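Notes for the one structure printed next.
The values are calculated or read from the model by the stated rules, or taken from the named source; none is laboratory data. Please read these numbers as outputs of a predicted model, since none were measured by experiment. For neighbour counting, all protein chains shown are included, and Cβ atoms are generated from backbone atoms with ideal geometry for every residue, glycine included. SASA here: full protein model, heavy atoms, side chains in, ligands and nucleic acids out. Shrake-Rupley method; radii C 1.70, N 1.55, O 1.52, S 1.80 Å.
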Amino acid sequence: MSPSAASTPTLAPEIADPRLYLDGIPHERFAEIRAMPGLAWHPYGDNGFWAVTRHADVRAVSRNPKVFSSAIGHTNLWDLEADALEARRSLIDTDAPDHTRLRRMVAGAFTPKNIRRWEDAVREITVELLDEFLAEGGGDWVEMVAAPLPIRVILSMLGVPVADGGYLVELSNYLVEGTSDTQSLPPDAFGNTTELRLLPFNSPASHALFEYGDEMRSKRRAEPCDDLVTHLVKAEAEGGRISRHEYRHLFHLLVFAGNETTRTAISHGAMALAAHPDQWQRVVDDPDLVEPATEEIIRWATPVLHMRRTAAADCELAGTPIAAGDKVVMWYASANRDEAAYTDPFRFDVGRGDNEHFAFGGGGPHLCLGAFLARLEVSVLLQEMAARRMLLEQRGEPVRVASNFVHGVLSVDMAPGWGP
Amino acid sequence: MSGTELVRVAVDAERCIGGGQCEMLEPEVFLVDDDEAISSVVGSGALPRPRADVVVHRCPGAAVSIVEPQRPSE
């Protein structure tokens, strides 16, 4: 089906090919689409999607979940078969009222007030990682700082032992592969016997993460602690406010999203600071700029490039008719560089005011659960780097993930220096 | 500021998803409950209209609304 209207829609240039992203976000293609009238149609597989690229249009889709559903089809570009969609359904792929119920299970831990309680723990981890990085004279920033910082924090919140951090980072890396064309794991890795199409990211690493979550669940049932897993286990025990399936997928989501996305923000943040030493100097000189610099880094990084919705009814957006069942894809990567929403969007400006970026979602109910945690991690990192008057010098090109979904960086070599 | 109209804000508990945007923007006026993860108004809930408009605009669940204008400030 679709493009549904009698008139032929404008065709978008190719933006879905994962290989395009090996050289970074294809910004000039997105700029071209933003300038097209109405919405552009992008062929994909044997069908296609509406490419929503302007800031205002992304917001309109995100904030109208009754029409633009997360629960139909899938929230990635490709559709899932009905049984796979059910097997893989998480908080991400639900609409109200399920979404509201599930989100409230964990949202209390991620409010601004409760995230602030983690500041000392985040600072301790940050200091340890930065000191190691400096003592080594630099190296792979992703491996040394960007990856371990968020994973150690989310694992503390969940109650996972520090010793298992490396294993969960490894699993998370395999999941990222699942968003691209390459899968290095055999289907039976980690003792997996489930059909891959029934696992998140088509990855046997999802099986391993579910198993790990189940082990945690048993441990906390036997011996409750003051952590998120205990909280979820209680919710499951107390009259089934959350099902076994929902628990497994929430655990999976918290580990993956708590790890992969902030890692990406910290990786791109370091590259941006290295490329714009004048902007970094402003932060070093003025601690009040840490907050806007954090927002700017997150906008600049846009760790999740898009999310898809599916039209639940015939509707219209930007003057373009959309038919029920059509895929509607919000390209955050484009909205965050929209000339209509930002002054000079391609300038990295640590003092940018009123930065309503869509790196945590497009303004609707699927707002990133960990938004305040991500902000805390990035801002503490900036504070500690500034306290050391530390500079970063990038050595060579980063190795990027071939993915149209995550703006991932596998490695980037950084050398430390010291400012005046 | 002189002439800035004060308005009263309210949270629709059914729609609230506990996203915490309101608490981030106006910590004196909104607090998200730890257990239920539902925001509520603490105190009078009075805000200058431009600031109330920002909270309404940024609430991801469209749960915050302006219920009534209050007396204008001096």
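Results for (1) open to solvent by 80 Å² or more (accessible area, probe 1.4 Å); (2) in contact (Cβ under 8 Å) with a residue 40 or more places away in the chain; (3) under 27 Å from A:A189 (Cβ atoms); (4) touching an Asp or Glu at 6+ places or on another chain (Cβ under 6 Å), shown as yes or no for each residue.
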residue: A:L209; (1), (2), (3), (4): no, yes, yes, no
residue: A:Y212; (1), (2), (3), (4): no, yes, yes, no
residue: A:E215; (1), (2), (3), (4): yes, no, yes, no
residue: A:K219; (1), (2), (3), (4): yes, no, yes, no
residue: A:C225; (1), (2), (3), (4): no, yes, no, no
residue: A:T230; (1), (2), (3), (4): no, yes, no, no
residue: A:K234; (1), (2), (3), (4): yes, no, no, no
residue: A:G240; (1), (2), (3), (4): no, no, no, no
residue: A:E246; (1), (2), (3), (4): no, yes, yes, no
Taking the condition touching a Phe, Trp or Tyr at 6+ places or on another chain (Cβ under 8 Å), open to solvent by 30 Å² or more (accessible area, probe 1.4 Å) and away from chain B (no Cβ under 14 Å), does A:R388 pass?
yes
Hey, can you tell me all the residues within region A:28-46 that are modelled with pLDDT of 95 or more and either within 30 Å of A:A96 (Cβ to Cβ) or open to solvent by less than 40 Å² (accessible area, probe 1.4 Å) (or both)?
A:F30, A:A31, A:I33, A:R34, A:M36, A:G38, A:L39, A:A40, A:W41, A:H42, A:Y44
Taking B:V9, is it away from chain A (no Cβ under 12 Å), within 22 Å of A:L367 (Cβ to Cβ) and surrounded by 16 or more Cβ atoms within 10 Å (Cβ to Cβ)?
yes
Name the single residue that is farthest from A:E356 (Cα to Cα) among those in region B:13-25 being charged (D, E, K, R) and either more than 10 Å from chain A (Cβ to nearest Cβ) or surrounded by fewer than 19 Cβ atoms within 10 Å (Cβ to Cβ) (or both).
B:E14
Scan region A:168-181 and tell me whether some residue there is more than 22 Å from A:M271 (Cα to Cα), surrounded by fewer than 20 Cβ atoms within 10 Å (Cβ to Cβ) and either at pLDDT 85 or above or in contact with an Asp or Glu (Cβ under 6 Å, 6 or more places away or on another chain) (or both).
yes
Could you pull out the residue among A:L317, A:L381, A:L369 that is over 29 Å from A:D17 (Cβ atoms), away from chain B (no Cβ under 14 Å) and touching a residue at least 60 places away in the same chain (Cβ under 8 Å)?
A:L381
Those residues that are surrounded by fewer than 17 Cβ atoms within 10 Å (Cβ to Cβ) and of a type in the set (A, V, I, L, M, F, W, C), I need them from region A:299-314; list them, please.
A:A313
Please go through region B:26-44 and pick out each residue that is more than 9 Å from the chain's Cα centre (by Cα), buried (at least 19 other Cβ atoms within 10 Å of the Cβ) and more than 9 Å from chain A (Cβ to nearest Cβ).
none
Looking at A:V160, A:V176, A:V169, A:V153 in this structure, which one is of a type in the set (A, V, I, L, M, F, W, C) and in a loop (DSSP other than H, G, I, E, B)?
A:V160
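Listed here are the residues, each with its yes/no results for (1) aliphatic (A, V, I, L, M); (2) away from chain B (no Cβ under 14 Å); (3) surrounded by 14 or more Cβ atoms within 10 Å (Cβ to Cβ).
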position	(1), (2), (3)
A:G159	no, yes, yes
A:G166	no, yes, no
A:Q183	no, yes, yes
A:A189	yes, yes, yes
A:T193	no, yes, no
Given region A:64-132, what helices (runs of 4 or more DSSP H) lie entirely inside it while holding 2 or more residues that are within 14 Å of another protein chain (Cβ to nearest Cβ) and either among the hydrophobic types (A, V, I, L, M, F, W, C) or surrounded by fewer than 20 Cβ atoms within 10 Å (Cβ to Cβ) (or both)?
A:98-107, A:112-116
Out of (1) surrounded by fewer than 19 Cβ atoms within 10 Å (Cβ to Cβ); (2) in contact (Cβ under 8 Å) with a residue 60 or more places away in the chain, what's the single condition that is false for A:F49?
(1)
Selection from region A:339-359 of residues that are in a loop (DSSP other than H, G, I, E, B) and touching a strand residue (DSSP E or B) at 6+ places or on another chain (Cβ under 9 Å)
A:F358
